[in-house]
Amino acid sequence: MVTITEDARAHRIDRRIYGQFAEHLGRGVYEGIWVGDDSPIPHHNGIRSDVVAALRAIKVPVVRWPGGCFADDYHWQRGIGPRAERPAVVNFHWGGVVESNHFGTHEYFELLHQLDAEAYICGNVGSGSVTEMRDWVEYITLDGTSPMADLRKRHGRDQPWRLHFFGVGNESWGCGGNMRPQYYADLYRRYQTYVRPYGEFPIYKVACGANDNDYEWTEVLMTQAGRFMDGLSLHYYTIPSGDFSAKGSAIDFDDHEWYATIRQARRIEELLARHCAIMDTHDPDKRVGLIVDEWGTWYDRAPGTNPGFLEQPNTIRDAMVAALTFNRFHRYADRVRMANIAQMVNVLQALLHTDGPVMVRTPTYYAFALYTDHHDALFVDARPDSGDAPGTIGAHGEYTVSWKDDAYTVTVTNAGLEEEVDATFDLPGRITTVHRDQILLGERPNSQNTVADPNEVVLTEFNDYRIDGSRLRMTVPPHSIVTLRVSHA
Ligand code: AHR
């Protein structure tokens, strides 16, 4: 049994850990978000309406853009002004396809406006100048008169936009310039100086952080540049084999690969613990946030697709990876202030797939939907009486609990393939109301949603629970995720 006490309420779970990442990569932005003003696909100002409606329903809080590796090759001035006059360039990182620059700064802020989400722009350190980065921030945020503000106005936008988050380079240890941490730390100090908050609002500056278990990178950045940053990023991808050269199939996997994927997903716990421990030694007050601005599954690409487009099917296994990752973000949310799944539409562990005018919600989308009541709630550090590790029930069960608006939200995952998980929670009082009871269940471990069958894996009502005074007992079937939200007397 898991006992929930009022004094177990701990830190706030920032809704931004449910953030998204949209890169100019394959069909992520073009087709997936942007269809243009003259498209027969229903849109508003060129942005497809089905995608916006689906994302609004899960309360997307923030969207990171324009990359990724693309960000360090992106020159923002090519993406403003009349679209017909914008130069077409080559997207070298992702398939060598033509980048029309039709989706640029104005279109990005229009997307955010339609989603009611915050901005997280990644600036170009790898191939861009300090001046270019400085001017972009001025273009976006300066009210009044200046060369950049005047240029923005000439392109039809009088008021500045709110720029909440700004990343100073992406993967500067790799595609963003192949730098050593000492060198990047100095560059970060220099570039961030010119990321000025021209308007009344501060800009939260994110330094490029480590890949996976590169703890030296975190140590050097915190030592040499910690006082100049608000956040430090971390990238971690769940790859079933752990080997980038032969990652494994997204859809055609056996039990062994299922469990290998679950193990790889749970590995993020060790990464969070160790990166946070390093940050704690430099920043015991936890001023600097850990920003996991790329995470998710990465498999071998779908057969027949462009290798540079990173398209992969999405199954209940992906939803499980998302849930296991959220559980860990909740536990470390006193340091983890934002995360951005890679990626929002059509790329890697996408929430949405599009095929022409058709849009399909993936199982990962529904995992996000199941966790919306945890947004901005207080994490409840409820411990199991069994002596199992916090948050776990046996080998395959997990739970996470939060408290908001006088109700507890309990989410239980069963990552096993055979056995049910029986879970009992004892609340601080008699349970009076059930606000939500939903399950996401795959009939098979690789159940997915497709254009032909878009509703194979969807949220349904969950009935296999009972309330006995202050106790909430439930039986959670294999490869499923359950959310119950209850209040008590
Ligand atoms: O998300 C795909 C790519 O993965 C990003 O562009 C890059 O930052 C990372 O290596």
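The values are calculated or read from the model by the stated rules, or taken from the named source; none is laboratory data. Note that this is a predicted model, so its numbers are computed, not measured. Using ideal geometry, Cβ is built from the backbone for each residue, glycine included, and neighbour counts are taken over all protein chains shown. When the accessible area is computed, the model is the full protein with side chains, heavy atoms only, and any ligands, DNA or RNA have been set aside. Shrake-Rupley method; radii C 1.70, N 1.55, O 1.52, S 1.80 Å.
Observations on the model:
- Condition met for T354 (touching a His at 6+ places or on another chain (Cβ under 8 Å) and touching a residue at least 24 places away in the same chain (Cβ under 8 Å)): no
- Subset tally (residues that are away from the ligand (no atom under 16 Å from the Cβ) and open to solvent by less than 10 Å² (accessible area, probe 1.4 Å)) for the stretch 167-191: 2
- All strands (runs of 3 or more DSSP E) inside the stretch 1-98 with 1 or more residues being open to solvent by less than 60 Å² (accessible area, probe 1.4 Å) and over 24 Å from V360 (Cβ atoms): 9-12, 89-91
- Taken together, A265, A323, A250 contain a single residue that is small (G, A, S), within 16 Å of the ligand (Cβ to nearest atom) and outside the structural domain of H479 (by TED's automatic domain parsing), which is A250.
- Verdict on V137 being assigned to a helix (DSSP H, G or I), at negative phi and touching a residue at least 60 places away in the same chain (Cβ under 8 Å): yes
- Highlighted here are the strands (runs of 3 or more DSSP E) found entirely within the stretch 316-432 that include at least 1 residues which are of a type in the set (S, T, N, Q) and either modelled with pLDDT of 95 or more or open to solvent by 30 Å² or more (accessible area, probe 1.4 Å) (or both): 336-342, 352-355, 397-404, 407-414, 421-426.
- Selected residue (criterion: nearest to the ligand (Cβ to nearest atom)) from residues of the stretch 220-243 that are open to solvent by 60 Å² or more (accessible area, probe 1.4 Å) and touching a residue at least 24 places away in the same chain (Cβ under 8 Å): Q224
- Test: N178 is free of Cβ contacts under 8 Å to residues at least 24 places away in the same chain and touching a Gly at 6+ places or on another chain (Cβ under 6 Å): no
- Hits in the stretch 138-179 (condition: under 17 Å from L112 (Cβ atoms) and either modelled with pLDDT under 95 or not assigned by TED's automatic domain parsing to the domain that holds P82 (or both)): none
- Qualifying positions in the stretch 456-472 - touching a residue at least 40 places away in the same chain (Cβ under 8 Å) and within 31 Å of the chain's Cα centre (by Cα): V457, V458, L459, L472
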